[in-house]
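What follows is calculated from the coordinates using simple rules that are stated; it is not laboratory data. From a predicted model like this one, the values you see are computed outputs, not experimental measurements. All Cβ positions, even for glycine, are placed from backbone atoms using ideal geometry, and neighbour counts span all protein chains on display.
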Amino acid sequence: MMHVMNRAIFKRRVMRRPVAIAVQCRTHSRRRDRGEISDISSEGCCLRLNRSCFRVSSRLMLRPDGLEPMTGVVRWVKGNLAGVEFDRTAYGRVVDHLVARCGYSERLSA
């Protein structure tokens, strides 16, 4: 267990699924970046950003290409990666649709 923002981090309740979705991000203080959602679940996602300009606890508006905006909070940052917890749980069928449209298999051939 590790701590971020004075709160314990436990195992995820919902498995994240690999995707590649272009996204524009903006904080309430107007910091902007472009990048990619690299994995997603109904509760959050991992962003791979062009720059590392977001901090833990930053509030974000995410605008994935072709989708409605989503809001959330940055829970962790490591280099150009950031973990975001959504303000509202995404409907499971929406996540399934995104994975079907933008997902990829992590199977490796031997």
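Structure summary
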| item | result |
| --- | --- |
| Anisotropy class of segment 16-89 from Cα gyration tensor, a/c 1.5 cut | rounded |
| Among 52, 64, 83 - extreme Cα towards positive end, dipole of segment 16-89, charges at beta-carbon | 52 |
| Cβ-defined net charge surrounding residue 37, 13 Å radius [Lys, Arg +1; Asp, Glu -1] | +2 |
| Extension gain from residue 89 to residue 28, taking 0.36 nm per residue of separation minus the Cα-Cα distance | 19.9 nm |
